[in-house]
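The values are calculated or read from the model by the stated rules, or taken from the named source; none is laboratory data. Since the model is a prediction, treat every value here as computed from it, not as a measurement. Note that we place each Cβ from the backbone using ideal geometry, even for glycine, and neighbour counts take in every protein chain shown. The accessibility values were calculated without ligands, DNA or RNA, using every heavy atom of the protein model including side chains. Shrake-Rupley method; radii C 1.70, N 1.55, O 1.52, S 1.80 Å.
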Amino acid sequence: MAKRFKHIYLELTNICDRKCSFCPPVKRERLFMSVNDAERFLVQAAEYTEAVYFHLQGEPLLHPDFEQITTFAKNLGLILKLTTNASHLKKYSEYLLKGDFFQINFSIQSLNEVSETERSRVKNDIADFTAEALKKCPDMYINFRWWQDSPPDLQFFCEKFNVPHEKWLPAEGRNHTRITGRLYSSFDRKFVWPVNSVERLNGLHGSCRGLIDHCGILCDGRVVPCCLDSGGDLTLGNLHSETLTEILNSPEAEKTADGFRHKKRIMPLCQRCGFASRFDSK
């Protein structure tokens, strides 16, 4: 029988070594999820999903026990996915190239806002890792993420992979394209994080995939409906005092999910979400 969710987001830490303008500032207590908590949460997550996404807010590769936690997830039979700014990629390259990860997303748009020295270092690390992954891990999906209006260093990657500029650009009406093997290029438009918006962008009408095909677990144990609830505004419960089953079956969770199924954004934060408008026509 299929699991309830396509994946569950697990935020190992809300600490990041970048201060990108497109990410909301962290107002929560900055912390790393403990190994014991991560393992306990993963066991519960495995009841509801076949895949775990190490991402929400913060940089996962900053976690001192990243390898231990992700290995535990792998041993549970979970499919591993990672989104990273690649600032610490080189430190973990050998581990990541073991082939245990199904998908790795590189937030290349973050290179717009770092020094030239850091930019050069990181883009070379990404290129070197990707070249090795294409040879050693042909089943691993790698996704280069850019904003449509400001793709940094695209020409650099064109030359590194000997792929012409136009092949990196998705066809009209699409936001991603395959480059070679399982390397993909994703050009998305910027959106307004709900926590940064002060006005209703969509009103009550509209759907979302939160609690339909995913949910998120913050580093302090709180469970949220989606990966854009960076501040825990829509907290459904806390895994330090409740089980994931209790939280997902709570009246609040059921009401939120049922609203999305009927094209209604019940929660005020959802009504301010610029990303959710992408689901209006679906």
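What pairs in LYS6/LYS98; LYS19/LYS167; LYS81/LYS160; LYS6/LYS263; LYS81/LYS263 have C-alpha atoms more than 22 Å from each other?
Beyond 22 Å: LYS6/LYS98; LYS19/LYS167; LYS81/LYS160; LYS81/LYS263.
Report the charge-dipole magnitude of segment 1-64 in Debye, nearest 20, computed about the Cα centre from +1 at each Lys and Arg Cβ and -1 at each Asp and Glu Cβ. Don't skip to the end; give the middle numbers.
Working: 9 positive and 8 negative charges, 54 e Å.
Taking the Cα centre of segment 1-64 as origin, the dipole is about 260 debye.
Ranking PHE106, ILE142, PRO164 by Cα position along the charge dipole of segment 95-167, where only Lys, Arg, Asp and Glu carry charges on their C-beta atoms, puts ILE142 farthest toward the positive end.
Debye-formula intensities of the chain, expressed as log10 I(q)/I(0) at q = 0.07, 0.08, 0.12, 0.15 Å⁻¹, are -0.25, -0.33, -0.78, -1.24 (one equal scatterer per alpha-carbon, no solvent). Residues whose amide H lies under 5 Å from that of HIS176, counting only those 5 or more places away or on a different chain, are PHE187; hydrogens are built 1.01 Å from N in the peptide plane.
Positive end of the dipole of the chain (Cβ unit charges, origin at the Cα centre): among LEU218, GLY181, LEU76, the Cα lying farthest that way belongs to GLY181. GNM on the chain, alpha-carbon springs under 10 angstrom: the most fluctuating residue among SER241, SER34, SER110 is SER241. A Cβ-based charge dipole, computed about the Cα centre of segment 93-148 with Lys and Arg at +1 and Asp and Glu at -1, lands at about 120 debye.
With the charge dipole of segment 29-182 set up from +1 on Lys and Arg Cβ and -1 on Asp and Glu Cβ about the Cα centre, the Cα lying farthest toward the positive end among the listed residues SER87, ASN124, GLN44 is that of ASN124. Residue-wise HN-Hα couplings along segment 264-271, as the Karplus relation 6.51 cos²θ - 1.76 cosθ + 1.60 with θ = phi - 60° gives them from phi, are 10, 9, 6, 7, x, 4, 5, 6 Hz; Gly and Pro carry x. With the whole protein complex present, GLU252 retains an accessible surface near 80 Å², based on a 1.4 Å probe. Only Lys, Arg, Asp and Glu carry charge here, each on its Cβ (+1 for the first two, -1 for the last two); on that basis the chain has a dipole of about 740 debye about its Cα centre. Using only the C-alpha atoms, the convex hull of segment 112-169 corresponds to 90 Å³ per residue.
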